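Bear in mind that the values in this text are calculations on the coordinates, not laboratory data. Note that the structure is predicted; figures quoted are calculated from it, not measured. So basically every Cβ, Gly included, is an ideal-geometry build from the backbone, and we count neighbours across all protein chains shown.
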Amino acid sequence: MREVILFEDVIQNFSHYIANICGDRTTSFSTFCSSDNPKPQALAWAKSQHIPKLLSNSSSFPSVIITDLNEVDYSFKNGVVILQTAKPKLLFIKLLKQYFEQRPLWGIAPSANISPKAEIHPEVYIGPNCVIGASKIGKGCIIEGNNFIYDNVVLKQNVIVQAGAVLGSKGMSLARDSDGKLLDFPSLGELIIEDGVEIGSNCVIDMAVLEKTVIGAGTKINSLTFIGNTVSIGDDNYISVCVNVNGSVKIGNRNFIGSGSSIRNKAVVGNGNTIGSGSIVVKNITDNNTVYGNPAKESSKSKGIEL
């Protein structure tokens, strides 16, 4: 049974996110729900225009509702409080992480295969069937089961690697000899994953050939994405599912890269851009653009995605 969380605790911890409070401040919650499937004694997030419908059920409505700054028209109910904030999705996420998210206990699963040359902070979790080479794993990292991390990979602090990822694999930078045979570059560099990065299930990130592949702090990479050798990605980017980032690409900060996109090798993407789903990027992109299509072109009609 979950503990009861007093609304006053929310005010104490998150008052700087709250613009307005309407309703019963003495209420509490012990679970969470979506606006489509309300539950009693729950924390919920809903658009302001949907709140009357959300509260229309006399027996099953949430006790704490997070919404936007628009005017709310509803019949007051005992035990219900409405929080208005500029970014309701953000506040809802923060409350879920504060009160409901469960993280694994620190430790290494018995079936994990760890190199004796690996440097692993004691406060990490490494799940079943992982293979960890001569790499460095920093404080607070969570590595779920069935991950393969090669030598010369550095995970800094609070990195999350979901199941089935491959980090530091050998890239294929090739040259053809006089007989037409392909000869591959050895991968002699490093892969650096900065603080707070999250890597989705079954992603592959290649080792640099000579220098470094770098994933910047706070960047989130969704499942089934490939990142080639010697790529440099800045801070706080979101890279969606099934994205292909080819070798030596440089990406700045706070970009949104849509699902199924592909970025040509050595392309440069600046800061604050939105790359639409399925786009093929063949030219450099400066800052604060929205591009989409094949080949990707700038659009003045489409507004960029802001998380």
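Summary of values
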| quantity | calculated |
| --- | --- |
| Charge dipole magnitude, Cβ of K and R +1, D and E -1 - the chain, Cα centre, debye nearest 20 | 500 |
| Whole-number percent relative contact order across the range 5-99, with pairs defined as alpha carbons under 8 Å at least 6 apart | 30 |
| Burial ordering of Val154, Val209, Val161, fewest other beta-carbon atoms within 10 Å first | Val154, Val209, Val161 |
| Considering only the range 218-307, percent of DSSP beta bridges that pair antiparallel, nearest 5 | 10 |
| Among beta bridges that DSSP assigns inside the range 5-99, antiparallel share in %, nearest 5 | 40 |
| DSSP beta bridges in the chain [antiparallel fraction, %, rounded to 5] | 15 |
| Cα gyration tensor, the range 5-99 - rounded (a/c under 1.5), prolate or oblate | rounded |
| Reach of Lys212 by Cα under 17 Å, taken over lysines that are not fewer than 8 positions away in the same chain | Lys136, Lys156, Lys170, Lys250, Lys266 |
| Relative contact order computed over the chain (Cα-Cα under 8 Å; 6+ residues apart), in percent | 7 |
| Fewest-first ranking of Trp106, Trp45, using other Cβ atoms within 10 Å as the exposure measure | Trp106, Trp45 |
